[in-house]
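Shown next, in structure tokens, is the structure this report addresses.
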Amino acid sequence: MGALFERVYLSEDPYASDSDAKSWGERGTWPCRWVAHPAPGSPPFVTAYKLEFDLKAAAQFTAHVTADERYELFLNGERIGRGSERGDGHCWFFESFRFTLPAAHHVLVARTWSMGELAPFAQMSVYPGFLFSPDGEEWIRLLGTGHAPWRARILGGYEFVHPVAAWGTGHNLIVHGDRLAWGVERGEGEGWAPVIELDAGADARERHETAPVHFMRPATLPPMMDEPRHVGTVKLVADLPAVETHAIPIREADNLPNEAAAWQALISGRGSVTIPPETIRRVLVDLDDYYCAYPELTLSGGAGGLVRVNWQESLFNEHETLSKGNRDQVEGKFFVTIWWKKDGIGDSFLPEGGDGRRYETLWWQCGRFVEIVVQTGQEALTLDRIVLRETRYPLEAESSFHARDPRLEEAGALGMRALQMCSHETYMDCPYFEQLMYIGDTRLEALTTYALTRDDRLPRTALRCFSLSRQLSGLTQSRYPSRVLQIIPPFSLWWIGMISDFAQWRDDRAFVSELMPGARGVIDHCLSLRSQAGLVQRPRGWNATDWVPTWKDGCPPFGSDGVSALINWQFAMIAERMGALEALVGERELAARARRIALETAAGLERFWRPDLRLYADDDTGESFSEHTQCLAILSGLLTPERKAAVGAGLLSSQPMARTTLYFSHYLFEALAELGRTDVLLDRMALWFELKALGLKTTVEMPEPTRSDCHAWGAHPLYHYYASILGIRP
């Protein structure tokens, strides 16, 4: 029997049953401790931990694993898992594995990284370390950190470099092969030192009095996809005078056709390529779809050379990164990074000359186009293998939608791929630039998830993360997890909208009750900003609402007294939903209060009504109007039937007003469904119908020129296919 392992899922702390027997000051402590290298220095650094042990008989046990900031766990040289699932110090996730091992000598190794200020914005930290905690006294003594003789070593060879335009994703790598610890996943090499012990593991629900530690909870998500892909079409193989490529256009005239076939075989997993000494090659690969993946290269020879693997979502028509045009077209375009005018975003590998050396990265990259630049010194370099290990949340549609109009299914396919590419251990606004879970984006991503699959683990994670982000003011952060604080007050209101969505689409009253204290804090913060007229005055923070070209930084007009009709209609709408939530959890008095607040706000908004135009103005100037304000007034549920019909007529009129872009069109589509005008919804789908003609594989952030080619808030038409066109709603 060989070694077997599997992920197991817990709903409670694995040592919770021990707490009752402990004193108050010791309750919630784990039997195993965090450990660390005795002299790690300051981040960034990569650390390996290993434990060798012998089993005299076959055995099975369960162990709980976590690290700060991230880990890869290896058993006898085979990677069995990555983690930890992203959270924060008050909700630090651990993964649980069940091992079935034969009688033999075994080696456990964890490779961890701690990047500090160079880490992705979404990566939180308390302090660097590693914890391995089995169940059962015998296994704790044999394997547990703080008990067993674990050893650690700092791994060289990793140089961290600025990610240029991908500012939120963490630093990229230059991997120096001559300094890498080859065979470390098998526990090989020198320089292993006994670990030092840190704090005991801490149960997030029981441990209350302690210095800053990781308060741990069981991971709830499945492992991220880890599937090898041999994909892509080689578009160019060219000779270069130097490795800088950003100012050199892609030209068919530069292609080396005699070499292209070998490169295509390499990319397809059917061959290798050898680059002679003193040579530079540039290879452009169109992956033919959008991918998030860990690149993995196997190299032989080539000491003193370079292999650089950079990624782009799209090529640019100009070196100045002004326009992208049709993404399918490459001739005459530039592989250049937006704003920075540099070669690209990715990682470089410097081979040390060994045979069959496998080079990997610590974090994944993404995009549609990959540029491989190879430079050799005095030694030839063979690229034995290139594989992309696709990673994402294993989100697949369980429902299907078919229409006579092929454009709907084409747009749906783009939305599905965008949603998949923006679904990992959290939802993300975009995988290329930020990798951050924003509330405004996530509400639409979660709604789309409800319509596509019964799997609601990722929406639950999102709701809990935003609850963890709450500030003393009562507002949530705009995005979380994030080690860089940002407040967008309208997004805090949309978090309550997310809770309402969950309550309607998933019947779990206990989970909703868990989130209600935070929701009440958001409402109370808005009430603290009310003027004598009963309306919310300009909330402090970035009041981003939609990327309307005429709105500065995406913020709606506020007028002379700092009152925005749009934000107040949003507040009224959310207060009305809050009333329904309070009733759901049995708080009748609070339900009545929320309903009263909603009605008072709607009454105060009458000052913005313009009966001649059948529109609500955006502010007290009476000169600014938007689809956004009309949509939220309709969706508030607070208008009389006559007023609702009038606002609907004004919304559908040809009067000039700010139009919703891709993101806020969700609320336009909701309003159109409320009005029974899904014919207009189909007309406004033109923004999506244009994407395929542009060669896009995913939905974009905004109409051209767009920064991001993959933004999952643009996937919301998939939700409306079911909820608005077919009318399938709770």
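Worth a mention:
- Mean-position separation - Cα centroids, the stretch 159-177 and the stretch 630-659, in angstrom: 48 Å
- Across the stretch 680-685, rounded Karplus estimates of 3J(HN,Hα) from the backbone phi angles (6.51 cos²θ - 1.76 cosθ + 1.60, θ = phi - 60°) give 5, 4, 5, 4, 6, 6 Hz, Gly and Pro being marked x.
- Beta bridges from DSSP with both residues in the chain: antiparallel share about 90 percent, rounded to the nearest 5.
- In this Cβ point-charge picture (+1 for Lys and Arg, -1 for Asp and Glu), the stretch 544-658 has a dipole of about 340 debye about its Cα centre.
- Dipole of the chain computed with +1 at Lys/Arg Cβ and -1 at Asp/Glu Cβ about the Cα centre; of PRO717, CYS366, PRO277, farthest Cα towards the positive end is PRO717.
- Here the stretch 54-151 exposes an accessible surface that is 51 percent carbon and sulfur, computed with a 1.4 Å probe and the other protein chains kept in place.
- The order of the peptides 483-495, 517-529 by mean Cβ neighbours within 10 Å, most packed first, is 483-495, 517-529.
- Members of LYS341/LYS692; LYS341/LYS552; LYS324/LYS552; LYS342/LYS697; LYS341/LYS697; LYS235/LYS552 lying beyond 30 Å, as alpha-carbon distances in this model show: LYS235/LYS552
- For a label point 7 Å along the Cα-to-beta-carbon line of LYS552, residues of the stretch 600-632 with backbone N under 15 Å: none
- Angle in degrees between helix 406-421 and the longest Cα principal axis of the chain, rounded to the nearest 10: 60 degrees
- The stretch 587-721 - percent of accessible surface contributed by carbon and sulfur, probe 1.4 Å: 53 percent
- Residue-normalised accessible area of the chain, given per residue in Å² at a 1.4 Å probe: 37 Å²
- Prolate/oblate/rounded call for the stretch 43-122, Cα gyration tensor, a/c under 1.5 rounded: prolate
- Nitroxide proxy distance, nm - points 7 Å out along Cα→Cβ at ARG707 and ILE728: 3.5 nm
- Between helix 665-675 and the chain: long-axis angle, C-alpha atoms, 0 to 90°, nearest 10: 40 degrees
- Taking 0.36 nm per residue of sequence separation and removing the Cα-Cα distance, the THR100/GLU278 pair yields an extension gain of 59.0 nm.
- Interchain or long-range residues, amide H under 5 Å from PHE5's placed H: THR100
- Where labels lie 7 Å past Cα in the beta-carbon direction, separation of GLU227 and HIS402 in nm: 2.3 nm
- Pairwise label distance in nanometres, VAL243 with ASP289, each label 7 Å out on the Cα-Cβ vector: 3.2 nm
- About its Cα centre, the stretch 66-127 has a charge dipole of approximately 220 debye under the convention of +1 per Lys or Arg Cβ and -1 per Asp or Glu Cβ, with nothing else charged.
- Placing unit charges on each Cβ (+1 for Lys and Arg, -1 for Asp and Glu) gives the chain a dipole about its Cα centre, and among GLN420, PRO228, ALA503 the Cα reaching farthest toward its positive end belongs to ALA503.
- Alpha-carbon centroids, the stretch 291-343 and the stretch 477-529: separation in whole Å: 39 Å
- Ignoring aspartates and glutamates fewer than eight residues from LYS50 along the same chain, the ones with Cα atoms less than 15 angstrom from its Cα are GLU72, GLU78, GLU185, GLU188, GLU190, GLU197.
- Helix axis angle, 439-452 relative to the chain longest principal axis, alpha carbon, degrees: 80 degrees
The values are calculated or read from the model by the stated rules, or taken from the named source; none is laboratory data. These numbers come from a predicted model, not from an experiment. Positions of Cβ are generated from backbone atoms using ideal geometry, with glycine treated the same way; all protein chains shown enter the neighbour counts. Accessible surface areas use protein heavy atoms only, side chains included; no ligands, DNA or RNA. Shrake-Rupley method; radii C 1.70, N 1.55, O 1.52, S 1.80 Å.
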